[in-house]
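See structure below.
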Amino acid sequence: MTVQARPRAVAATLAATALLGLLAVLAAAPAQATGYRYWSFWKWSGGTWAYQQQGPAVYVPPDGSVDGWRFAVSPDGGRDAARPGAPGDFEAACAATPAQAGRKRIAVVLDFGTAADAPPGALAAGSAPPAARTGCASVATGASSAEVLAALAPPLRYDGAGILCAIAGYPAAGCGEALAGTPSASGDRGGSGGPDLGLIAGGAAVAVLAAGAVRQARRRR
């Protein structure tokens, strides 16, 4: 390699390093999440809550099953939504509801969430959402989860698109509002959701050095 070619090689190396550094910054910076305030729908399966893939108007729960509902601000994507806090104990919920021929029993867990999840103005100062509760509905064998919920926790409120907005009248207003920069339901509420400014500054510094090296190489030609 000639003496004249060495500065060019150094400049090229620094430029490549800067590019890789900036790509790493972009990859490491978390995307700004969009969350929604809504009632998520769950089913008790294998000793844990599993996100219900079918809507309540479509899903027909079998006898002895447990539906779960949780009101919270959760990121979009279903499985990352906040789960009901109580377990789905069918025997405990339906112990006082006798089995009947031609009907089925479905246990339901309702978790109204926390004050932080409540819509603005929904709660009086210092108050909390309704306490979580568990019930048991005796319904026709072909009843959907929406019919189970209507029998157990009226009044229900739906929007024009058929989205469930309120259970047992809660909340009184609003339906699935989007909130930018919502933390994940895993409890990580400390981050801002934006890129690390220190990483960006470091990447920018490398880019400046690379640009300077390129200019210096040109002067030596």
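For the reader, a short list of remarks on this structure follows.
- Residues that are farther than 20 Å from A166 by Cβ and either open to solvent by 30 Å² or more (accessible area, probe 1.4 Å) or assigned to a strand (DSSP E or B) (or both) within the stretch 65-75 comprise V66, P75, listed in sequence order.
- Hey, P171 open to solvent by less than 70 Å² (accessible area, probe 1.4 Å), farther than 19 Å from Y59 by Cβ and either in contact with a Phe, Trp or Tyr (Cβ under 9 Å, 6 or more places away or on another chain) or at pLDDT 95 or above (or both) or not: yes
- Hey, P75 in contact with a Gly (Cβ under 8 Å, 6 or more places away or on another chain), touching a residue at least 40 places away in the same chain (Cβ under 8 Å) and closer than 19 Å to F41 by Cα or not: yes
So that you can scan it fast, the table gives a plain yes or no per residue for (1) of a type in the set (K, R); (2) closer than 17 Å to G88 by Cα; (3) free of Cβ contacts under 8 Å to residues at least 60 places away in the same chain; (4) open to solvent by 60 Å² or more (accessible area, probe 1.4 Å):
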| residue | (1), (2), (3), (4) |
| --- | --- |
| K104 | yes, yes, yes, no |
| F112 | no, yes, yes, no |
| A118 | no, no, yes, no |
| R133 | yes, yes, yes, yes |
| A137 | no, yes, yes, no |
| T141 | no, no, no, yes |
| R157 | yes, no, yes, yes |
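- Matching residues, the stretch 102-129, being modelled with pLDDT of 95 or more and touching a strand residue (DSSP E or B) at 6+ places or on another chain (Cβ under 6 Å): R103, R105, I106, A107, V108, V109, L110, D111, F112, G113
- Residues that are part of a loop (DSSP other than H, G, I, E, B) and either aromatic (F, W, Y) or in contact with a helix residue (DSSP H, G or I) (Cβ under 6 Å, 6 or more places away or on another chain) (or both), drawn from the stretch 76-114: F112
The values are calculated or read from the model by the stated rules, or taken from the named source; none is laboratory data. Note that the structure is a prediction, hence the values are computed from the model and not measured. Using ideal geometry, Cβ is built from the backbone for each residue, glycine included, and neighbour counts are taken over all protein chains shown. For accessibility, only protein heavy atoms count, side chains too; no ligands or nucleic acids. Shrake-Rupley method; radii C 1.70, N 1.55, O 1.52, S 1.80 Å.
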